[in-house]
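K.L.:
Below are the structure tokens for one structure; questions will follow.
Read the figures in this text as sums done on the coordinates, not as results from a lab. Fair warning: this is a prediction, and the values are worked out from it, not measured in the lab. A quick note on method: Cβ atoms are made from the backbone with ideal geometry, for glycine too, and the neighbour counts reach across all protein chains shown.
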Amino acid sequence: VDDIPESQDIPNDADVEGELRSMMVHEEAENGHEGTHHAADPSNGSQYQNDSMPISPTEESKGKAGYFSFLKKLPSFKSKKNGTSKEDEVVKKLAAKIAACRHSLANADGGLKNTDHEGIRISRSVVTEIVKQVGKSILSGKNLMSVTFPVRCCQPRTILECAAYQFCFCSHFLGRAAQTKDPVERLKLVTSCFVACLHTTNQFVKPFNPTLGETLQAHFPDGTQLYLEQTSHHPPVTSWNLVGPAAAYSYNGWSTYSASFGYNKLMVQQKGLRLCEFDGGEAIEVGFGWDRYNNVYWGEVVQEVLGEYHFRDERNGLVCSLRLDPGSGLPSDAFLGAIVRTPPSGGEAEHVCAVEGSWLGFLDFDGARYWDIFADPGMAEPMLVANPLPSDSRFRSDKNALAAGDVPLAQSEKTRIEEAQRRDRRLRADPKAR
């Protein structure tokens, strides 16, 4: 693990931008590129794979040939210079819907603008220190999980605390999904839940990494209970259990992630398992897209959520798949998709309904609106429990010192905690090394 020393001197914006541009130009020259470097970018030839769910449209799943082959039939305009009149009409109608219902910070070309300018300025100044200490390889796709950042570029929250806010629509949509007996309606509501949550993930300033065994307990106004725990430090793995009132539903899972720099951008990829369970053994598995933060070294920082997003009800043979950033002049936050039903014996998938929208505005199934960023009241903030476990994130001494504005104490506490973790890890690997 590479440690970057703490510094109290923050360069001005012009100096930081100039130094980062110079580093990138030098790195591009060494690697034979000319401003087109796309290291570790899933949109450039390499398909990030999710361990729990197939991503490729032609990949076989559970012994069913072409489980996602229907995706080939979905509208995709990226490679078409001149679309058909039908495709043009689809684009025109969807573009009008998006323009009428879109987040106030939406970028014109797609994605969500980040307005934490002070946090971005400090984070950029740290990148120059990282490159000097670790080397320019960090600009070429090195996994940032192996780098320890100085405390002054952190926000005074842990990953567990940030993650708790990504459950903010669960009690609303999953509660309704638990009440219906219709598998298709349930799938629509689960899909709506996770699409609605996407715009809450826009954070550029790094939170504190939880220690192994660190926990967080929270609840929501309707009585939904949330439990999170860091079950691995390297690689970082967060596990959770969300339980609805009267145990009408549960949302369980774990996720890990990797992050790497590309040419003036940051790619973040999650993988793991996410499972929503309901009475009677009904279950829906939730896939992962991936995030790209554009203009991380200079310019206006914009978050995009990209890739293909799958929701699968194995028991009922149902799949809802969304293709984000379909192209043809639509903003990248747009998506098109469908729900299909696959017969138990396999064979051709049956179209159930169409899906379209923008993760920065709305989601429609066959024209019926299931989520609207302006009209839906379903967002609920988590509330921390009164008497948490001693392992709870709110007792982190480094985070609390940073929240109080004592950066030197926060850095020394962060270093102390990290050194204790490394010692514990060595002891687990070799108990004799006491």
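K.L.:
Name the shape class, rounded, prolate or oblate, that the alpha-carbon gyration tensor gives for the range 305-434, where a ≥ b ≥ c are the square roots of its eigenvalues, rounded holds for a/c under 1.5, and otherwise prolate holds if a/b is larger than b/c and oblate otherwise.
P.N.:
prolate
K.L.:
To the nearest 20 debye, what charge dipole does the range 338-418 have about its Cα centre, counting +1 at the Cβ of each Lys and Arg and -1 at the Cβ of each Asp and Glu?
P.N.:
Around 460 debye, computed over the range 338-418.
K.L.:
If you don't mind, another one. Testing the spin-label approximation: label points 7 Å from Cα along Cα→Cβ at Leu273 and Lys92. State their distance in nm.
P.N.:
Inter-label distance under the simple model: 4.9 nm.
K.L.:
While we're here: Please give the contour-minus-distance gain from Arg121 to Asp366: 0.36 nm per residue of separation, less the Cα-Cα distance, rounded to one decimal in nm.
P.N.:
That pair, Arg121 and Asp366, stretches by 83.8 nm at full extension.
K.L.:
Would you pull out the residues with amide H under 5 Å of Glu314's amide H, same chain only if 5 or more places away, H placed 1.01 Å from N?
P.N.:
Those qualifying (amide H under 5 Å, at least 5 residues apart or on another chain) are Glu285.
K.L.:
So how far apart, in nm, are the two label points at Gln179 and Glu348 if each is 7 Å from Cα heading toward Cβ?
P.N.:
That separation, rounded to one decimal, is 3.8 nm.
K.L.:
Take the Cβ-Cβ distance between Asp109 and Ala283 as r, set R0 to 35 Å, and report the resulting FRET efficiency rounded to the nearest 0.05.
P.N.:
After rounding to 0.05, the efficiency reads 0.40.
K.L.:
Still on this structure: Amide H neighbours of Ser332 under 5 Å, counting only residues 5+ apart in sequence or on other chains, H built in-plane at 1.01 Å?
P.N.:
Long-range HN contacts for Ser332: Gly110, Gly111.
K.L.:
Moving on. Under a plain spin-label model, where a point goes 7 Å from the Cα along Cα-to-Cβ, how far apart in nm are Gln225 and Arg394?
P.N.:
The modelled label-to-label distance comes out at 1.7 nm.
K.L.:
Assuming 0.36 nm per residue, please report the length gained on full extension of the stretch Arg423 to Ala100 beyond their Cα-Cα distance.
P.N.:
Length gained between Arg423 and Ala100: 110.8 nm.
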